[in-house]
Amino acid sequence: MPRQFLKNILLAIVACGIVAPASAQTAAAPSNDPPVRRWLDVQQLTLYTRYRNIENSAGVTTADQLQYKDSIRARFNVDAKKRYTLNVGAFSGSSFVSSWDNWGVGTGGPFDGHDNYVKQFYASAIPVNGLELQGGGIYVVRGEQDEWISYDDDGFIMGTRASLKRPKDVWFDELTVTRGAIGPLSRPNISDRWDSFKHPNYTQALAVKKLTSAVAASVTYERLPVAGSTTGADLARAAVTLKLSRPSPVDTVRYEEYHRFNQHEASGFAVWADRAVSKHLRLQGGYVTVDQFYGGWNADRMQNGRRVFELATMPIWGPFSASIYGTQAFHSDYAITIKHRYDVFIAYDALDSLRRARIF
């Protein structure tokens, strides 16, 4: 990690603290949080295991295995108001679309030493209410989109971001601009991506609006890198989410789409609905289509093709939960990496246990 980069981050944090308005420097209100949370916020600490079976359009089983996953997200607070922070994300997995390692049971075998990396590390500053500035190894933001046709939940960017969340002043609930280098798909370790600051290849402008308490929408423009191209591809995205009340047969409906204007012009979309059948079971299902040349940025459970999917999630006990996922792709005139796929997950929310014990 370059010393100059860390020096610049620290100087920026100090400078922001100096020029922050008086309201940002007032003493924090009394809190019942554990003392350690003044300095350290652990936002996610989850352990997973899953069995997956994947068959491609040639009828070949490409995966039939047990895997595990660990996810840690945390921030270190410079000031008591938590306006100036250092944020870190550490995950298993060897790529932009993967945060899973093999147990060694089934196909593939275990990875040597296993893949666990710091994939995100960035400084964040909120100099005035509603304005956040980020710089470093940052997460992907998507507005009302999800990972089905945009970017995998495990994705990473090296760059800078400014987000404005002042709907009373600008009508939109969120306006975000990101500039940096996205990916590469096969280089998850942030220590291998510092040089990509010098070669930005990704631009995003995102607007989000909650039209009512039940309707939210987002629109996005992006410039995305394309292999073999020096200019990249221009994409527009839009998504809308509807929250429905009973007696509606579903709780949530989302429609999202994208259109790529160059580099193999094409479109894709997804529509899905979910419903809490009871406090013990939530069901989700829908239809997704992603074009042949999308580039593999979206969820590893989807990738390209036309398909239906189903997802069931249920609590087991306390911090443990389980999910069952399945997808079936329709016939296409090009090769599909995922024609059939079935996953069974078990998740353990370790953070929930630590918070109940008032450790974090």
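Just so it is clear, none of the values below were taken in a lab; they were calculated from the coordinates. Predicted, not measured: the structure shown is a model, and the values here were computed from it. Cβ placement follows ideal geometry from the backbone for every residue including glycine, while neighbour counts extend to all protein chains displayed.
Here are the numbers for the structure shown:
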{"read-out": "Spatial separation of Cα centroids for region 161-177 and region 87-146, in angstrom", "value": "24 Å"}
{"read-out": "Choice from 321, 186, 218 with maximal GNM fluctuation in the chain (Cα, 10 Å cutoff)", "value": "186"}
{"read-out": "Rounded Å value of the spacing that divides the Cα centres of region 64-78 and region 259-281", "value": "25 Å"}
{"read-out": "Over region 233-334, equivalent-ellipsoid semi-axes from the Cα gyration tensor in Å", "value": "30, 17, 12"}
{"read-out": "For region 209-360: relative contact order, % (alpha-carbon pairs under 8 angstrom, 6 or more apart)", "value": "12 percent"}
{"read-out": "Kirkwood Rh (inverse of mean 1/r, distinct Cα pairs), region 256-314, angstrom", "value": "12.8 Å"}
{"read-out": "Within a Gaussian network of the chain (alpha carbon springs, distance under 10 Å), most fluctuating of 246, 161, 282", "value": "246"}
{"read-out": "Contact order normalised by residue count of region 41-141, Cα under 8 Å, 6+ apart, percent", "value": "22 percent"}
{"read-out": "Distance in nm between pseudo-label sites at residue 129 and residue 195 (7 Å out along the Cβ direction from Cα)", "value": "4.6 nm"}
{"read-out": "Most mobile of 60, 42, 253 in a GNM of the chain (Cα contacts under 10 Å)", "value": "60"}
{"read-out": "Rounded FRET efficiency, nearest 0.05, which uses the C-beta distance separating residue 171 from residue 105 and R0 of 35 Å", "value": "0.05"}
{"read-out": "26 Å Cα-Cα threshold exceeded, pairs from 243/279; 69/210; 69/339; 165/279; 69/209; 119/210", "value": "69/210; 165/279; 69/209; 119/210"}
{"read-out": "About the Cα centre, charge dipole magnitude for the chain (Lys/Arg +1, Asp/Glu -1 at Cβ), debye", "value": "1180 debye"}
{"read-out": "Proxy reagent accessibility, fewest Cβ within 10 Å first, across 85, 49, 230", "value": "230, 49, 85"}
{"read-out": "Spacing of the two label points (7 Å from each Cα toward its C-beta) at residue 322 and residue 33, in nm", "value": "3.6 nm"}
{"read-out": "Relative contact order of the chain, defined on C-alpha pairs under 8 angstrom at six or more residues apart (%)", "value": "15 percent"}
{"read-out": "Among 66-73, 120-127, 32-39, the order from most to least packed when residues are scored by Cβ within 10 Å on average", "value": "120-127, 66-73, 32-39"}
{"read-out": "R0 of 30 Å, Cβ-Cβ distance residue 64-residue 280: FRET efficiency to nearest 0.05", "value": "0.55"}
{"read-out": "Crossing angle, helix 3-19 versus the chain [Cα axis fit, 0-90 degrees, rounded to tens]", "value": "60 degrees"}
